[in-house]
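Asks: Before I ask anything, here is the structure I am working with.
The values are calculated or read from the model by the stated rules, or taken from the named source; none is laboratory data. As the structure is a prediction and not an experimental result, all values here were calculated from the model. A quick note on method: Cβ atoms are made from the backbone with ideal geometry, for glycine too, and the neighbour counts reach across all protein chains shown. Calculation scope for accessible area: heavy atoms of the full protein, side chains included, ligands and nucleic acids excluded. Shrake-Rupley method; radii C 1.70, N 1.55, O 1.52, S 1.80 Å.
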Amino acid sequence: MTKVFKMKIYKSSLTPNPIPEISIASFLHSEYDPVPPSSPAFVDADTGRTITREQLRVLSAELGWSMCNGLVKLGGVKLERGDTVAIFSPNCLAYPIAVHGCFMAGLRVTVANPAYKPAELAHQFKDSSAKVIFVHPTLVPTVLSMFKSMKIGIKEVKPRIIILRYDIG
């Protein structure tokens, strides 16, 4: 005997918030954000260093603009609006700059667990159709092993790797 299930829709009793018809980057760095620009956006737990909301906006915009205009030297890998990039990093101050910068460039982002082994990372990289990977310096060996397992030569690999660093004050 086949059991028939009836679908039930549950509705929230809360008034829905309007969602503006703008990009994520525009929303996060606009008048919709009531937090002052001088407020910390991210704090590095190990060092106590911070990035203010204004620094995040400026650095992300610079990265996004550079990627859109081909100023980030990717050795021939051309990124276009709608392309996917991977980010493979533990929590660090460069991580949110990369994510927001990619959003500002109109790119899609797939974030990979920093505990991934090369085979797991390769699956996500291929499945997402990522063109390049932003990687924390400590995880470069895993990325190189991933590309090796994918049988991609070093000449093709180098332009696909962008090292995540944040060295500003």
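Asks: For a test of the definition: using alpha carbon positions, the gyration tensor, and the 1.5 limit on a/c, classify the range 36-122 as rounded, prolate or oblate.
Replies: Oblate shape, in that a/c is at least 1.5 and b/c is the bigger or equal ratio.
Asks: Write down the accessible area per residue of the range 38-113 in Å², having rolled a 1.4 Å probe over the full set of protein chains.
Replies: For the range 38-113, the solvent-accessible area averages 52 Å² per residue.
Asks: Work out how much length residue 80 to residue 33 would gain on full extension: take 0.36 nm times their residue separation and subtract the Cα-Cα distance, in nm to one decimal.
Replies: 14.1 nm
Asks: What trypsin sites (Lys or Arg not before Pro) in the range 94-169 are in a loop by DSSP, with at most 15 other Cβ atoms within 10 Å of the Cβ?
Replies: Hits after loop and neighbour filter: 151, 165.
Asks: Next question, about the same structure. Give the separation of the Cα centroids, the range 94-169 to the range 1-62, in Å.
Replies: Result: 23 Å between the Cα centres.
Asks: Can you give me the three principal axis dimensions of the chain from its C-alpha atoms, in Å, biggest first?
Replies: 59, 55, 34 Å, listed from the longest principal axis down.
Asks: I would also like to ask the following. At 1.4 Å probe size, with the rest of the protein present, what percent of the exposed accessible area of the chain is carbon and sulfur atoms?
Replies: Roughly 57 percent, rounded to a whole number.
Asks: What FRET efficiency, computed as 1/(1 + (r/R0)^6) with R0 = 25 Å and r the Cβ-Cβ distance, is obtained for residue 69 and residue 14, rounded to the nearest 0.05?
Replies: 0.05
Asks: How large is the charge dipole for the range 1-90, taken about the Cα centre, if only the Cβ atoms of Lys, Arg (+1) and Asp, Glu (-1) carry charge, to the nearest 20 debye?
Replies: The calculation lands at about 640 debye.
Asks: Now a separate question. First measure r as the distance between the Cβ atoms of residue 5 and residue 26, then evaluate 1/(1 + (r/R0)^6) with R0 = 35 Å and state the FRET efficiency to the nearest 0.05.
Replies: 0.25
Asks: Of the chymotrypsin sites (Phe, Trp or Tyr not before Pro) in the range 1-63, which ones lie in a loop per DSSP and count no more than 14 other C-beta atoms within 10 Å?
Replies: 5, 10, 32
Asks: Please get the size of the charge dipole for the chain, origin at its Cα centre, with Cβ charges of +1 on Lys and Arg and -1 on Asp and Glu, quoted in debye to the nearest 20.
Replies: 820
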